[in-house]
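The values are calculated or read from the model by the stated rules, or taken from the named source; none is laboratory data. What you see is a predicted model, and the numbers here were worked out from it, not measured in a lab. Because the Cβ atoms are built from the backbone with ideal geometry, glycine has one as well, and the counts that use them run over all protein chains shown.
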Amino acid sequence: MKNTFAVIGLGTFGSKLALELSQAGHSVVVIDRTKALINDIKDKVAEAIIADVTNSDTVREIDVRNFDAVIFGMSSHFEDLILALTLVKQEGAKKIIAKANTDLQKRILLRLGADEVIQPDQDVAERLSRRLSMNNISDMFAFKGSTIAEVKVPASLSGKTIRDLDMRRKHNISILLLKKPGKEVENIWNPDVILEEGDELTILGEEKNIVNVFQN
């Protein structure tokens with residue numbers, strides 16, 4: 001499903017996000033007060049606007065209610081961010097996502113009405129820390145209220161079939177994909193396939209359940 005986004009603030013984060021969303025087929029409108037930044041991206045998104053979003057008339061003209069989400073990437077100018085977020089909230093934005101640099105900023109933005117606040121550096125650090133701390137879990141990320149993870153089959157599960165493990169019933173974990181060494185990734189159609197230590201699985205479930213089963 002393709003959505004419509006407004007990305008406000010074209011720093012490193014905002015620019016990268018706008019390009020990624022646009023390349024994924026979404027309609028992206030970018031807004032920044034700096035002409036050079038707008039010129040750099042204007043041919044790669046649906047619309048690029050030079051504007052000051054701390055001005056109430058500007059925010060009203062943008063009509064933020066037309067976007068599925070308004071995303072702020074301007075955390076380095078926190079006073080401006082507070083004012084812009086307040087104006088966007090007042091104009092009836094459906095969803096507001098903001099970028100924060102500190103925990104204090106995050107708390108303030110949530111209190112002011114942001115639906116979601118991200119801290120990219122901290123989020124990346126936490127994700128890397130989890131990955132490095134878990135021998136059999138190579139990556140994991142949130143997905144619609146659950147977690148998708150790439151894991152390796154530990155010795156404790158080796159030699160058992162997917163049917164034997166019955167992970168969906170016992171742990172509420174679904175096995176989506178299997179990759180055996182030297183072979184291509186494949187969908188799981190046969191519940192009697194035997195898992196070997198070191199096989200790579202792509203799984204879906206709650207993070208705590210995934211960690212309990214695969215961290216050792």
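Report every pair of residues separated by at least 6 positions or lying on different chains whose Cβ atoms are under 6 Å apart, first residue within the range 10-22 and closer than 14 Å to residue 34 by Cα, second of a type outside the set (Val, Ile, Thr) and assigned to a loop (DSSP other than H, G, I, E, B).
Going by the 6 Å Cβ cut-off, the qualifying pairs are 11/73; 14/73.
Considering each of 71, 49, 62 in turn, give the residue that is buried (at least 16 other Cβ atoms within 10 Å of the Cβ), in contact (Cβ under 8 Å) with a residue 24 or more places away in the chain and within 21 Å of residue 12 (Cα to Cα).
Exactly one of 71, 49, 62 is buried (at least 16 other Cβ atoms within 10 Å of the Cβ), in contact (Cβ under 8 Å) with a residue 24 or more places away in the chain and within 21 Å of residue 12 (Cα to Cα), namely 71.
Output the residue which, of all residues in the range 158-216 that are of a type in the set (Gly, Ala, Ser) and over 24 Å from residue 143 (Cβ atoms), is modelled with the lowest pLDDT. Write out each step before concluding.
Step one: filter the range 158-216 for residues of a type in the set (Gly, Ala, Ser), giving 158-159, 174, 182, 198, 205.
Filter once more, so that each one left must be over 24 Å from residue 143 (Cβ atoms): 158-159, 182, 198.
On the way: 158: 92, 159: 94, 182: 85, 198: 88.
So, considering only residues that are of a type in the set (Gly, Ala, Ser) and over 24 Å from residue 143 (Cβ atoms), the one modelled with the lowest pLDDT is 182.
Please verify whether the range 193-201 includes one or more residues that are assigned by TED's automatic domain parsing to the domain that holds residue 142, of a type in the set (Asp, Glu), in contact with a strand residue (DSSP E or B) (Cβ under 8 Å, 6 or more places away or on another chain) and part of a strand (DSSP E or B).
Yes: the range 193-201 contains one or more residues that are assigned by TED's automatic domain parsing to the domain that holds residue 142, of a type in the set (Asp, Glu), in contact with a strand residue (DSSP E or B) (Cβ under 8 Å, 6 or more places away or on another chain) and part of a strand (DSSP E or B).
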